[in-house]
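The values are calculated or read from the model by the stated rules, or taken from the named source; none is laboratory data. Computed from a predicted model, the values in this text were never measured in an experiment. So basically every Cβ, Gly included, is an ideal-geometry build from the backbone, and we count neighbours across all protein chains shown.
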């Protein structure tokens, strides 16, 4: 290596490049590890969702009443009565290319507990809970759907007023608005007996699973590392060629 590249400034530069390239490689493998974790999670979710429906009471008895992970992504059957008076509007949801809202309605179970049910999509014209345009059946209903984890878990401030509109499904927040105990998960409704007497809400397909951006991020990090491995030696070569005439003149 030429003498000038052993100076302190160049040594520091070499070290920085090595650290940057190493960091990019580590970040790339970390993203690949995250991808494998996501794929494993998706496989578990698909397996649980493909299982035949089970009564919610039986599932809760086998997994523990307050164990959300044991309930999540299981297809269940449940009977109860809708508590329309405590329905809330889940704003900013879509059905295909149509923007609108979803309706979250607690279902009073036979044992006195409650289960939040995402009953489906309504257009923006249905902006308030309890609308007659999307009223559920009176009396007992039998539901089938998939239990999903809450989208957020914020603890509401003491004394917070009840909300008629929410931006995410937060069981803790909804729990503060009802006098009975809610299940730690919510039900993504797929079928209901008796059926709706009105055309709304419209049933929404279960959200699809995604692997996330981890693979593309990994490719980006490895590309950055490759640029460093290839580009830095080319930069050094150009610098050597540029300085060679200067050295020859001084000799």
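Quick one: in segment 128-153, which of the residues that are farther than 27 Å from residue 111 by Cβ and part of a loop (DSSP other than H, G, I, E, B) is nearest to the chain's Cα centre (by Cα)?
That would be 128.
Only residues that are over 21 Å from the mean Cα position of the chain (by Cα) and in a strand (DSSP E or B): list them for segment 99-125, please.
105, 106, 107, 108, 109, 114, 122
Can you pull out every residue in segment 175-192 that is in contact (Cβ under 8 Å) with a residue 24 or more places away in the chain and either over 19 Å from the mean Cα position of the chain (by Cα) or assigned to a loop (DSSP other than H, G, I, E, B) (or both)?
Within segment 175-192, 177, 178, 180, 181, 182, 183, 190, 191, 192 meet the criteria.
I'm told residue 195 meets every condition in (1) assigned to a loop (DSSP other than H, G, I, E, B); (2) at pLDDT 90 or above; (3) touching a strand residue (DSSP E or B) at 6+ places or on another chain (Cβ under 7 Å) except one. Can you identify the failing condition by its number?
Answer for residue 195: the failing condition is (3).
So if I check each of 21, 17, which one is in a helix (DSSP H, G or I), in contact with a helix residue (DSSP H, G or I) (Cβ under 9 Å, 6 or more places away or on another chain), modelled with pLDDT of 85 or more and surrounded by 15 or more Cβ atoms within 10 Å (Cβ to Cβ)?
21
The conditions are (1) more than 24 Å from the chain's Cα centre (by Cα); (2) part of a loop (DSSP other than H, G, I, E, B); (3) surrounded by fewer than 17 Cβ atoms within 10 Å (Cβ to Cβ), and residue 227 fails exactly one of them. Which is it?
Failing condition for residue 227: (2).
What's the total number of residues in segment 70-91 that are out of contact with any strand residue (DSSP E or B) (no Cβ under 7 Å at 6 or more places or on another chain) and touching a residue at least 12 places away in the same chain (Cβ under 8 Å)?
1
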